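Down below is the structure, laid out as structure tokens.
The values are calculated or read from the model by the stated rules, or taken from the named source; none is laboratory data. Computed from a prediction, not measured in an experiment: that's the story for all the values here. Note that we place each Cβ from the backbone using ideal geometry, even for glycine, and neighbour counts take in every protein chain shown.
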Ligand SMILES: [Zn+2]
């Protein structure tokens, strides 16, 4: 954990994320385990912004600015970004989700930063598997996302095993 939450430009985050539509058909789900979540309390979100992902840029269109990467239910909550990924500016935040006429959207006015990782800090991004990229999106190139996918995925397919081994190696180094 960097503990550098003060360096996150919260105004920029609010500008980029406020009003973003979320959920599916008026309901809100955890992006890792698919549990339906209440929006009465603020929710935890991984948010991310491309810093420098030249390899990825060749494969897909990358979003500009901050994007909502993944909502986390209580079971999938984290205390921080581990491991951090070089090339992504990342944060774990807590924000509110509002409902209006059956449409859910992010209210970023009150934004709590749990952890923040600048774009040039962390481990080299995981090698991107094309199959995962099409299914899970560019988030798979962030260790913090990938780690939760591995932890919540009961089907231990071969590519996930490879990532799991890499993660264990990474975490072994930093311990
Ligand atoms: Zn979950």
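Take region 123-148 and flag every residue that is under 14 Å from residue 82 (Cβ atoms) and under 15 Å from the mean Cα position of the chain (by Cα). Reasoning before the result, please.
Our first condition is that a residue be under 14 Å from residue 82 (Cβ atoms); within region 123-148, this holds for 123, 126, 142-148.
Correct list: 126, 142, 143, 144, 145, 146, 147, 148.
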First in region 22-37 and under 21 Å from residue 153 (Cα atoms), second anywhere and more than 10 Å from the ligand (Cβ to nearest atom) and modelled with pLDDT under 95, Cβ under 7 Å, 6 or more apart: 32/149
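Just name the residue that is farthest from residue 98 (Cα to Cα) out of those in region 36-58 that are loosely packed, with under 15 Cβ neighbours inside 10 Å and modelled with pLDDT of 95 or more. Step through it out loud before you land on a result.
Of region 36-58, the ones loosely packed, with under 15 Cβ neighbours inside 10 Å are 36, 38, 40-41, 52, 54-55, 57-58.
Remaining after also requiring modelled with pLDDT of 95 or more: 36, 38, 40-41.
Details: 36: 15, 38: 11, 40: 8, 41: 10 Å.
Out of the qualifying residues, it is 36.
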Sole exception among (1) over 18 Å from residue 107 (Cα atoms); (2) surrounded by 13 or more Cβ atoms within 10 Å (Cβ to Cβ) for residue 61, by number: (2)
Any chance residue 75 is at negative phi and under 16 Å from the mean Cα position of the chain (by Cα): yes
Residue, surrounded by the fewest Cβ atoms within 10 Å (Cβ to Cβ), within region 152-168, restricted to residues that are more than 20 Å from the chain's Cα centre (by Cα) and part of a helix (DSSP H, G or I): 158
Counted residues, region 110-126 - those being closer than 16 Å to residue 141 by Cα and in contact with a helix residue (DSSP H, G or I) (Cβ under 7 Å, 6 or more places away or on another chain): 4
Yes/no for residue 105 being within 27 Å of residue 38 (Cα to Cα), surrounded by 16 or more Cβ atoms within 10 Å (Cβ to Cβ) and touching a residue at least 24 places away in the same chain (Cβ under 8 Å): yes
